Amino acid sequence: MKMRIGTRILLGFGIMVALTIGLGWYNIEKQAAARSAAAEMENHDLVALAELARIVQSEHKMRSVREFAVAQHLLRRTHLPARDPAILQEEWRRMRDEALSAAAKLENDAAAHQKQAVSSRRGAQWEKIRQSAAVSHQALRELTTEAEARFGLVRRGQLDQLVARLPILERLQEDFDNKSAAVIRLVQEQVELGRGETQLGYDQARTSTLMALAAAVLLGVVFSSFIQRSITRPLGSFMQFVERVGQGDLTQQAPVTGADELSDLGRSLNQMVTGLKEVAGQTRGAAENLSSATTEILASTQQQAAGAAEQSAAVQQSTATMTEITQSGAQISERARQVATAAEATSAASTAGQQAVQSTTRIMEAIREQAEAVAENVVALSEKNQTIGEIIATVNDIAEQSHLLALNAAIEAAAAGEHGRSFTVVANEIKNLADQSKEATVQVRSILGDIQKGINSSVMLTEEAVKRAESGKQQADIADRTIRQLTDNIQQSIQAFQQIVAGAGQQQIGFEQVTQAVRNTGQASEQTAASTRQLEKAAAQVNAMAQQLRKAVERYRI
Amino acid sequence: MSEPKKAIDWQGVRERLRESQFALDTALEHDPHQVAAAYRDRAARLALRPVPAGSAAAGTPALVFRLGAERYAIPLQDLAGVLPDPKCALVPGAPPQLAGVINLRGEIRPVWDLARLLDLPEAGNGASRFVVLLRQGGRETGLQVERLEQIRVVKAEEWEHPGERFPYLQGVTSDTLMILNTEALLQEEFR
């Protein structure tokens, strides 16, 4: 269809509105008519009722004025302050006139209403009312006549007459009341009738309205079905198309005909399908990537979980190791303290050792001096030995010469022959002496040699002793230096050990901190493990969702 | 010094020193007992009968001396004397066997190197310390020798004649003491 849907709908709505307006107007008209009739009736009824009420009320007022007048008259007779009955009577008369005129009016109104009656029933009723009103009027007239008469009686002071005529008054009053009541009843009936008429009128209006409504509905249905068909048929085809798209068939295109909003919708649907295809394709690709990525994430989270478990185990080991180290650190500290104590004792001992070494040095020095003195003595001995040797050499020389002399003497004696025999004896003696000298010299020399050897060995020994004393002194010096160094080292060691103790203490603190840190790391790694597990779960969920997504996207044929 | 050193017995040492001091002090003193013993001994010896020269000296007294490693002897009758430490004045142009000349009581006497004379191989090695003077009719001749030992009476039974092959030897004893023939020696030289 060429007309745009909006226009069509507007047209349909326009028709519907027109029909509705028409219907409404018709209904309003009908209603207005019915209402006006009802209002008229009601008005008439109300007027009649009001007049009736006024009449009755006037009559009551008259009654009271009358009795008041009587009372005033009685009061006047007792010379108490009272109103003038004449005035009262005037008032009463005025009321009477009003009432009578009202009754007359009522009659007239009833007659008039009868002419204007909506229906015959109403008219008949009005006639009845008129007749009843006339009767009531008459009754009122009689009553008022009697009442006036009473006034005269009162004026004249004929109270006994008053009393005697009271039943007449009462009868007349009762009559009037009855007739008034009858009129009222009639009017009430009229009201009922009016209501019925009104209802009837409304019913008629309703019926006619209903019929008009039916006609309008029919028209509206025809038009709107026409319009709807022009809309829903293409919409239906679009719906089918969309349903197919909803089932996943993104391969088709919507049929586009005409130039209205539906054709626009068709083109938009096609665009949408194209877009959906792209999106589905991208989603499929993204779902694949997501799936693979989540698989990787899952694998890595599992690795991470394993790593976190390993880390946790390592942290446990570290904690245990740290505890061991802490304990060993405590042991080290304890040992260092013990060593420091021992070092102090050693220091004291080394001081004593130094003193001992110094005394040893002094003793060595003394020994050396003694040895040198001994050496000097021995050397002096050696010199004496030398002197003795010289002497012995002299003696030896003497012995040699004596020997030579003896030899020469022996030779001379041999040369002298017989004469030299006694000389030979002397020469022998000399030779013996010389031999003894030589022997003695030899002995002395050997003894000197022994002495010299002894001296030599003594000197050597003394030299050795001096050397040993020297070396002993050097050793003592070395020992002294060593002990000093030892003392220094021990002092340094003491300081070092104190530092070690302090350092071990700090190390303890540090180790405790490290242990705490390791525990924190353990907790953190536990948390990491927990979060990794959560992550794993989440990754698994995401993976599942990715799988779902993939499955969901698989639906689409593109 | 692995053996345990004995503690020095200073007491014993001092004791010994005291004894030696005492001995030294008394050494030069004349112990009356020793003196008396010496006198007795001397008296005994003086009382001895002199041993007859002939019976006692049944041999030839000879002066034993040493040259190098060998011992030689010369009969006393051939000797004029002995001299210690000769300083021989060298004579230029003299044969090598002549060690030099010495001044003996104002007289010039030749001294021969016995080692060279005897053609000993170690000639000139040993220090000559003595000169043995040979009697040569008033003209003494010296022989350089190393050491003088003793005067020994060589008995006849010990004397062995070496023969003509050794002109310088008068004889040889059983303990290889060679008795020199100085005449032959000197004659050899004067030839």
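The values are calculated or read from the model by the stated rules, or taken from the named source; none is laboratory data. Since the model is a prediction, treat every value here as computed from it, not as a measurement. Neighbour counts are summed over all protein chains in view; Cβ atoms, including those assigned to glycine, are modelled from backbone coordinates with ideal geometry.
Of the strands (runs of 3 or more DSSP E) entirely within segment B:54-123, those holding at least 1 residues that are within 13 Å of chain A (Cβ to nearest Cβ) and either crowded, with 19+ Cβ neighbours inside 10 Å or among the charged types (D, E, K, R) (or both) occupy B:59-67, B:70-75, B:79-84. The set of residues from segment A:194-215 being at pLDDT 85 or above and among the aliphatic types (A, V, I, L, M) comprises A:LEU200, A:LEU210, A:MET211, A:ALA212, A:LEU213, A:ALA214, A:ALA215. Looking across segment A:409-426, the residues that are touching a residue at least 12 places away in the same chain (Cβ under 8 Å) and at the interface with chain B (Cβ under 9 Å from one of its Cβ atoms) come down to A:ALA410, A:GLU412, A:ALA413, A:THR424. Looking at segment B:155-166, can you tell me whether even one residue there is in contact with a Ser or Thr (Cβ under 6 Å, 6 or more places away or on another chain) and either at pLDDT below 80 or of a type in the set (Ser, Thr, Tyr) (or both)? Yes, there is a match, as at least one residue in segment B:155-166 is in contact with a Ser or Thr (Cβ under 6 Å, 6 or more places away or on another chain) and either at pLDDT below 80 or of a type in the set (Ser, Thr, Tyr) (or both). Scanning segment A:75-90 for residues that are without any contact (Cβ under 8 Å) to a residue 40 or more places away in the chain, surrounded by fewer than 17 Cβ atoms within 10 Å (Cβ to Cβ) and touching a helix residue (DSSP H, G or I) at 6+ places or on another chain (Cβ under 8 Å) gives A:ARG76, A:PRO81, A:ARG83, A:ASP84. Residues in segment A:436-467 that are crowded, with 17+ Cβ neighbours inside 10 Å, within 12 Å of another protein chain (Cβ to nearest Cβ) and free of Cβ contacts under 8 Å to residues at least 60 places away in the same chain: A:LYS438, A:VAL444.
Criterion applied to A:ILE500, A:ILE483, A:ILE494, A:ILE490 was being in a helix (DSSP H, G or I), touching a residue at least 60 places away in the same chain (Cβ under 8 Å), touching a Gly at 6+ places or on another chain (Cβ under 8 Å) and closer than 21 Å to A:ALA345 by Cβ, and the one residue passing it is A:ILE483. On the given criteria, is A:ALA18 at pLDDT 85 or above and within 30 Å of A:SER224 (Cα to Cα)? In short, yes. Would you please name the residue that is nearest to the chain's Cα centre (by Cα), looking only at residues in segment A:373-406 that are of a type in the set (Asp, Glu) and surrounded by fewer than 16 Cβ atoms within 10 Å (Cβ to Cβ)? By that ranking, first place goes to A:GLU376. Taking the criterion of being acidic (Asp, Glu) and either surrounded by 10 or more Cβ atoms within 10 Å (Cβ to Cβ) or not in a loop (DSSP other than H, G, I, E, B) (or both), the residues of segment B:29-49 that qualify are B:ASP31, B:ASP41. Residue count for segment A:527-551, restricted to those that are hydrophobic (A, V, I, L, M, F, W, C), under 19 Å from A:GLU310 (Cα atoms) and either in contact with a Phe, Trp or Tyr (Cβ under 8 Å, 6 or more places away or on another chain) or surrounded by fewer than 16 Cβ atoms within 10 Å (Cβ to Cβ) (or both): 1. Within segment A:358-408, restricting attention to residues that are under 16 Å from A:ARG445 (Cα atoms) and among the small types (Gly, Ala, Ser), the residue that is nearest to the other protein chains (Cβ to nearest Cβ) is A:ALA399. Which of the residues spanning segment A:110-122 are in a loop (DSSP other than H, G, I, E, B) and buried (at least 16 other Cβ atoms within 10 Å of the Cβ)? Answer for segment A:110-122, where residues must be in a loop (DSSP other than H, G, I, E, B) and buried (at least 16 other Cβ atoms within 10 Å of the Cβ): A:ALA117, A:VAL118, A:SER119. When segment A:123-172 is filtered for residues that are among the hydroxyl-bearing types (Ser, Thr, Tyr) and either free of Cβ contacts under 8 Å to residues at least 24 places away in the same chain or not in a helix (DSSP H, G or I) (or both), only A:THR145 remains.
A:ASN456 - would you say it is assigned to a helix (DSSP H, G or I) and under 30 Å from A:ALA348 (Cβ atoms)? In short, no. Count of segment A:349-383 residues, restricted to those that are modelled with pLDDT of 85 or more and among the basic types (Lys, Arg), is 1. Of all residues in segment A:330-340, none satisfies being more than 14 Å from every other protein chain (Cβ to nearest Cβ), in contact (Cβ under 8 Å) with a residue 60 or more places away in the chain, of a type in the set (Lys, Arg) and crowded, with 16+ Cβ neighbours inside 10 Å.
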